[in-house]
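To start, the structure itself, in structure tokens.
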Amino acid sequence: MSSAFAFRTIRELSRGFARKDFSPTDVLEDVIARYETLDPRLKMFAHVDFEQARIEARAAEKRMMRGERVSELDGIPTAIKDLIAVKGMPQRFGSRAVPDTPVSVDAPSVERLREAGAVILGKSTTSEFGSKAVGDSPLCGITRNPWNPAMTPGGSSCGAAAMVAAGLVPYAVGTDGGGSVRIPAALTGLCGVKAHFARVPVYPTPATPTLAHVGPLARTVEDTATVLSVIAGYDRRDPFTLPGGLPDFVGATRNFVGATRSRRQMKIAWSPTLGYGRADREVLDLCERAVRRIEGMGFAVEQVDHIMDDPFSLWASEFYAGVGTKLRTAVEEHPDLLDPAVLNVLKQALNQDMQTYYQNVFARYAFRETMRRLFETYDLLLTPTVPVTAFEAGRDLPPGYEDRDIVSWSTFTYPFNLTGQPAASVPAGFSEEGLPVGLQVVGAAHDEASVLSLAGAHEAASGDDVPCRPDLAGAT
């Protein structure tokens, strides 16, 4: 259906509100009408509460009429991934093993969005407990990719990516424990950002407290930075949270490197494999073209083929053990309620002995030190975000990757959850079949500004080369 508000950015909607060209209730009712058409096709939502959203939109409209909007997000609709607590809404983690009971607390990111005036539509879909890198769960079924509904949008922040890529909302909030913001961003043509670990506080304590990140997905780099500037910052409930002030995330997207260094003074590593991965030829070609574009903007780029050995066993030991411990009762007493692929990896993780677990813990610290030393030489690292374009919805693995795990097929993302470094996926172009490809930008510890700066520069240079509007007319 046609819409006056589909595919608008945060800035465009915010300026329209400021000029009183339209109101938050106008935008919300348009979103609800498009939801009725799009969600049956794409399966983006795990839960909606449009009546509460209407209350929030009316409150935003009153502020708008008084000239008292509280932020650029005031009055703009969004949704929160079903791994994140939203007061008054169920938090089921994509699992039939979790009851449909409203929770009594907002996560810090949700609290901050409410304070900023965001209109929360509901909860977006996720793979079960965020444990697969694709977009299906026993609870909600299969979430589909707006660029081709026969394909997966990736996961586990599948609903968030699908609704933003479909133009329903300008941004959505997901989680990233092994790539779950960056993977679907790449497969749906979005920008997805994982800030440095604990830059965005996480509470209640997640199943994977040393790996979990909360981050935005949006159609522009500036929109992701705008959301990140709202949800980031210290919170005493998260013991890892970073104290002190925040970098100027939005300013970084416009500075294109910052005032203290020229582009030639920055040293960027490009690694097509990281040393162990493989990517489809078409993905590599598009990423290499993006790297050449970055070189053409004046950045010094050096190819580095071997950066690390595959750290997946370190990641899996931590991630699946945490989720498995949280779900132990379901694993042991109600295995029929769980996704079979998820059940299999959780059983394996729960069977690891203490010595093996702590060997992996210490190996993780050594791995972090290796990466710290790499970033003494380089300011940024570029890789493909994922090695493939979107593949058939309902599959756990891409064709040709049957030797990999339900997350390890995404070979380029999980290392940077182990290190906690900031990382983003930005659009790199489209395959011959019209499917998006993502380029990953990784920064040194705490240096989101450089990541966002390069992402913004690349976006500006890409221009119309990276379209952002799928044709949903043929969606079924």
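The values are calculated or read from the model by the stated rules, or taken from the named source; none is laboratory data. Computed from a predicted structure; not experimentally measured. Because the Cβ atoms are built from the backbone with ideal geometry, glycine has one as well, and the counts that use them run over all protein chains shown.
Numerical summary
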{"read-out": "Segments classed as helices (runs of 4 or more DSSP H), wholly inside the stretch 144-252, with at least 1 members that are closer than 22 Å to His47 by Cβ, acidic (Asp, Glu) and at pLDDT below 95", "value": "none"}
{"read-out": "Some residue of the stretch 397-417 being surrounded by fewer than 19 Cβ atoms within 10 Å (Cβ to Cβ), under 26 Å from Val304 (Cα atoms) and either β-branched (Val, Ile, Thr) or touching a Cys at 6+ places or on another chain (Cβ under 6 Å) (or both)", "value": "no"}
{"read-out": "Residue match in the stretch 297-311 (condition: under 23 Å from Pro415 (Cβ atoms), among the aromatic types (Phe, Trp, Tyr), within 23 Å of the chain's Cα centre (by Cα) and surrounded by 21 or more Cβ atoms within 10 Å (Cβ to Cβ))", "value": "no"}
{"read-out": "Some residue of the stretch 68-78 being buried (at least 21 other Cβ atoms within 10 Å of the Cβ), in contact with a helix residue (DSSP H, G or I) (Cβ under 8 Å, 6 or more places away or on another chain) and farther than 21 Å from Val181 by Cβ", "value": "yes"}
{"read-out": "Of residues in the stretch 50-76 being among the basic types (Lys, Arg) and not in a helix (DSSP H, G or I), the one farthest from Tyr171 (Cα to Cα)", "value": "Arg66"}
{"read-out": "Long-range neighbours under 6 Å by Cβ, at least six apart or interchain, first residue under 15 Å from Met163 (Cβ atoms) within the stretch 1-27, second among the basic types (Lys, Arg) and crowded, with 18+ Cβ neighbours inside 10 Å", "value": "Ser3/Arg34"}
{"read-out": "Residue among Asp39, Asp49, Asp100 that is of a type in the set (Asp, Glu), in contact with a Gly (Cβ under 6 Å, 6 or more places away or on another chain) and modelled with pLDDT of 95 or more", "value": "Asp49"}
{"read-out": "Matching residues in the stretch 438-447 - criterion: being under 11 Å from Lys194 (Cβ atoms) and within 15 Å of the chain's Cα centre (by Cα)", "value": "Gln440, Val441, Val442"}
{"read-out": "Qualifying residue in the stretch 171-185 (condition: surrounded by 24 or more Cβ atoms within 10 Å (Cβ to Cβ), within 11 Å of the chain's Cα centre (by Cα) and among the aromatic types (Phe, Trp, Tyr))", "value": "yes"}
{"read-out": "Qualifying residue in the stretch 109-124 (condition: assigned to a loop (DSSP other than H, G, I, E, B), in contact with an Asp or Glu (Cβ under 9 Å, 6 or more places away or on another chain), hydroxyl-bearing (Ser, Thr, Tyr) and crowded, with 24+ Cβ neighbours inside 10 Å)", "value": "no"}
{"read-out": "Any chance Gln440 is part of a strand (DSSP E or B), among the polar types (S, T, N, Q) and either crowded, with 18+ Cβ neighbours inside 10 Å or touching a strand residue (DSSP E or B) at 6+ places or on another chain (Cβ under 9 Å) (or both)", "value": "yes"}
{"read-out": "Candidate set: the stretch 28-55, residues that are touching a residue at least 40 places away in the same chain (Cβ under 8 Å) and among the small types (Gly, Ala, Ser); chosen: the one nearest to Lys81 (Cα to Cα)", "value": "Ala46"}
{"read-out": "Residues (buried (at least 16 other Cβ atoms within 10 Å of the Cβ) and either more than 24 Å from the chain's Cα centre (by Cα) or of a type outside the set (Val, Ile, Thr) (or both)) located in the stretch 30-40", "value": "Asp30, Arg34, Tyr35, Leu38, Asp39"}
{"read-out": "Pairs where the first residue, in the stretch 180-197, is closer than 14 Å to Cys158 by Cβ and the second is part of a strand (DSSP E or B) and hydroxyl-bearing (Ser, Thr, Tyr), C-beta under 8 Å, 6+ apart", "value": "Val181/Thr175; Val181/Ser425; Arg182/Ser425; Ile183/Ser425; Ala185/Ser425; Ala186/Ser425; Leu190/Ser425; Gly192/Ser425"}
{"read-out": "Of all residues making up the stretch 351-362, the number that are assigned to a helix (DSSP H, G or I) and either surrounded by fewer than 16 Cβ atoms within 10 Å (Cβ to Cβ) or modelled with pLDDT of 95 or more (or both)", "value": "8"}
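Here is a yes/no grid of residues against (1) out of contact with any helix residue (DSSP H, G or I) (no Cβ under 7 Å at 6 or more places or on another chain); (2) not in a loop (DSSP other than H, G, I, E, B):
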residue	(1), (2)
Leu343	no, yes
Ala349	no, yes
Tyr365	yes, yes
Val386	no, no
Tyr401	yes, no
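Residues checked against (1) hydrophobic (A, V, I, L, M, F, W, C); (2) modelled with pLDDT under 95:
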residue	(1), (2)
Met266	yes, yes
Pro272	no, no
Arg281	no, no
Cys287	yes, no
Arg292	no, no
Gly298	no, yes
Pro311	no, no
Ala321	yes, yes
His334	no, yes
